[in-house]
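**Student:** Let me give you the structure first, and then I'll get to my questions.
The values are calculated or read from the model by the stated rules, or taken from the named source; none is laboratory data. It should be emphasised that the depicted structure is a prediction, and the values quoted were computed from it without experimental measurement. Positions of Cβ are backbone-derived with ideal geometry, glycine not excepted, and every protein chain shown enters the neighbour counts.
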Amino acid sequence: MRDSGKEVYSGGLYLRLSREDRMQNNESMSISNQRKITVRYATENKIEIVEIYIDDGYSGVSFERPAFNRMIKDLENGKINCVIVKDMSRLGRNDVEANRYYEDVFLTKHYRFIAIDDNVDTLRGYEQHATFKNMFNSMYPRDISQKTHSAYMALAHNGEKVGKAPYGLKHDPDNRYHLIIDEEAAKVIRYIFSLAMKGMSRKKIARILREEKILSPAAYAKRSGCKRYEKYVSAYDDDYMWCDKTVGQILMNEFYIGSNVANTTRRSFKTGKCEKLPREEWVIVPDVHEAIISKEVFYRVRDIFKSRRRGTKMETVQLFAGLVKCKDCSRSMNYTGGDVPFYTCGTYRNKGKKYCSSHRIRYEDVYNCVLQDIRDKTSKLEKNREEFIVAASSNFQISLKEETRNLEKRLKELTQRYGEIDILIQKTYENSVLGNLSGERMSLLIANYENEQIEVKEELEKIKLEIKTIQEKHKNVVDFTKLIEQYIGVEKITMEMALELIEKIEIGEKYIKNGRTYQDIDISYRFVGKIAV
């Protein structure tokens, strides 16, 4: 608009306060103070105030802000032709984007832009100090991000929880960094694990939760007063919308066994986007709060869902998922379906015969062997209960010692291998520095070594837990007797039965004796391990 040859400015006052600014408790940055300064400037300079645009709680790093975007549209539509801010940092703290708006929008399109405290006014044309101001302003969020991450990591290593509590847990009112059980939601967590222990797939568990009208984690959080989850509920418009991905995340969440898990993702301070970090960068501190799920159940379920299964549409996993192990390397056997389903050693399948042999065995042979063994034991139990308990107790002590010895041997081998991988990684770097290895080849080798080291570390932790569990085992034969006697006269094996009775099924490699081929199948039962009665 023009009046007697002089342009009249229709102003938009832009005010922004981020959460970080609010935490600094700096009154000069407050919305009320920005309003006073910009209103006074506009009044004194006879700039008509058309609208005041406020983004409260929005970071300056991103320019995806509702009030800011509305203001830019009003500029383009001619509603305003002048923007006033307290200083350049209110425009934004991303120097690339801030300079783009300053040069390509305000200057190029002849919109007046004023940053009061920094003495910037596009009416005077391009001013170099505005660009330098944007550069300095962009350093602030990087510095804050680094300081925040350092504080977060210190708390994480101390086993203290920062941020929202996982579904099923809540922050202790007496200590905001400590978690306690949210009993109402924890009941659902236990229910999900019990369904998984019965052999149900993630998809089937999610369907059951929907059918039983159990509130989803998002709906439960919304009902509890948390607004951050509302968009997830409204996206489906269904408070009972459970999906298999959510179920899977719950079944793999180590918070439920009392651990604090941190540093699983990293957020870019510029884009705000999150990237997943590899497990070796996670900070996991065990036993820092009360567990919802026992470690025995958690690791059993994890093994079930890590086992190979065919077809994403299946609502149950294969019968012995997570139970069939290689007798030589202790790794899970991979299941392959088809007309003649069979198992092969996971180590052999993934790494080749250099590390282990195939141990290939038909699923039908495993099934028949297990069924016959259960029938034999229940038959002897039915004939003479007391004699069964005495025999089982004797064999239990023998198998306990044998199992401990085997695990300690495997623990020693894995510890040695872990150290060997460290040496291999170091040598690979040295060969690269000396020019004996290309950068591409070095990256590939390092990645392979690191992946193997992660697997070794996971198996080490699991074996340590198994050894600890064995040491804690006592006279559990009576419990096992009560467990197995309900299957007297059994005709077939169900998934629930397999998980309830069997600890693991170890498959040996085929061997020839007296011209005939044999293959050992060792069955370890819950509470008692291997028993021969």
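Yes/no matrix, rows are residues, columns are (1) assigned by TED's automatic domain parsing to the domain that holds Lys109; (2) at pLDDT 95 or above; (3) buried (at least 19 other Cβ atoms within 10 Å of the Cβ); (4) of a type in the set (A, V, I, L, M):
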site: Gly12; (1), (2), (3), (4): yes, yes, yes, no
site: Leu17; (1), (2), (3), (4): yes, no, yes, yes
site: Glu20; (1), (2), (3), (4): yes, no, no, no
site: Met23; (1), (2), (3), (4): yes, no, no, yes
site: Glu27; (1), (2), (3), (4): yes, no, no, no
site: Ile31; (1), (2), (3), (4): yes, no, no, yes
site: Tyr53; (1), (2), (3), (4): yes, yes, yes, no
site: Gly57; (1), (2), (3), (4): yes, no, no, no
site: Met71; (1), (2), (3), (4): yes, yes, yes, yes
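**Student:** Any residue in region 346-360 that is closer than 18 Å to Asp520 by Cα sitting within a Cβ distance under 9 Å of a residue that is in a helix (DSSP H, G or I)? List the pairs, counting only those 6 or more apart or interchain.
**Tutor:** Cys356/Gly346; Cys356/Thr347; Cys356/Tyr348; Ser357/Tyr348; Ser358/Tyr348; Ser358/Arg349; His359/Tyr348; Arg360/Tyr348
**Student:** Only one residue in Lys295, Lys306, Lys353, Lys313 is under 20 Å from Gln519 (Cβ atoms), surrounded by fewer than 20 Cβ atoms within 10 Å (Cβ to Cβ) and modelled with pLDDT under 90. Which one?
**Tutor:** Selected residue: Lys353, the only one of Lys295, Lys306, Lys353, Lys313 that is under 20 Å from Gln519 (Cβ atoms), surrounded by fewer than 20 Cβ atoms within 10 Å (Cβ to Cβ) and modelled with pLDDT under 90.
**Student:** Out of Asp95, Asp143, I need the residue that is within 30 Å of Asn260 (Cβ to Cβ) and modelled with pLDDT under 90. Which one? Even if it seems obvious, please write down each step before you answer.
**Tutor:** Details: Asp95 fails: within 30 Å of Asn260 (Cβ to Cβ).
Matching residue, one of Asp95, Asp143: Asp143.
**Student:** Something else now. Go over the candidates Lys377, Lys325 one by one and state the one that is surrounded by 16 or more Cβ atoms within 10 Å (Cβ to Cβ) and modelled with pLDDT of 90 or more.
**Tutor:** Answer to the check: Lys325.
**Student:** Right, next: I'd like to check something: does region 410-419 contain any residue that is assigned to a loop (DSSP other than H, G, I, E, B) and among the β-branched types (Val, Ile, Thr)?
**Tutor:** no
**Student:** Identify the single condition in (1) surrounded by fewer than 16 Cβ atoms within 10 Å (Cβ to Cβ); (2) modelled with pLDDT of 80 or more that Lys475 does not satisfy, given that it satisfies every other one.
**Tutor:** It fails just one condition, (2).
**Student:** Just for helices (runs of 4 or more DSSP H) wholly inside region 176-263: which have at least 2 residues that are modelled with pLDDT of 90 or more and at negative phi?
**Tutor:** Once the helices (runs of 4 or more DSSP H) in region 176-263 are filtered for at least 2 residues that are modelled with pLDDT of 90 or more and at negative phi, what remains is 183-197, 202-211, 217-223, 244-251.
**Student:** Can you tell me which residue is modelled with the lowest pLDDT among those in region 380-438 that are of a type in the set (Gly, Ala, Ser) and either closer than 24 Å to Leu460 by Cβ or in contact with a Cys (Cβ under 9 Å, 6 or more places away or on another chain) (or both)?
**Tutor:** Filtering region 380-438 for residues that are of a type in the set (Gly, Ala, Ser) and either closer than 24 Å to Leu460 by Cβ or in contact with a Cys (Cβ under 9 Å, 6 or more places away or on another chain) (or both), the one modelled with the lowest pLDDT comes out as Ser399.
**Student:** Return yes or no: is Arg190 in contact (Cβ under 8 Å) with a residue 40 or more places away in the chain and surrounded by fewer than 16 Cβ atoms within 10 Å (Cβ to Cβ)?
**Tutor:** yes
**Student:** Do you know which residues across region 111-132 are of a type outside the set (A, V, I, L, M) and in contact (Cβ under 8 Å) with a residue 24 or more places away in the chain?
**Tutor:** Result: Tyr111, Arg112, Phe113, Asp117, Asp118, Thr131.
**Student:** Now a separate question. Being surrounded by 13 or more Cβ atoms within 10 Å (Cβ to Cβ) and closer than 21 Å to Arg279 by Cα is the filter here; which residues of region 421-441 pass it?
**Tutor:** Across region 421-441, the qualifying residues are Ile421, Leu424, Ile425.
**Student:** Quick one: Phe63 ticks every box in (1) more than 21 Å from Met29 (Cα to Cα); (2) surrounded by fewer than 21 Cβ atoms within 10 Å (Cβ to Cβ); (3) not aliphatic (A, V, I, L, M) except a single one, so which number is it?
**Tutor:** Against the list (1) more than 21 Å from Met29 (Cα to Cα); (2) surrounded by fewer than 21 Cβ atoms within 10 Å (Cβ to Cβ); (3) not aliphatic (A, V, I, L, M), Phe63 comes up short only on (1).
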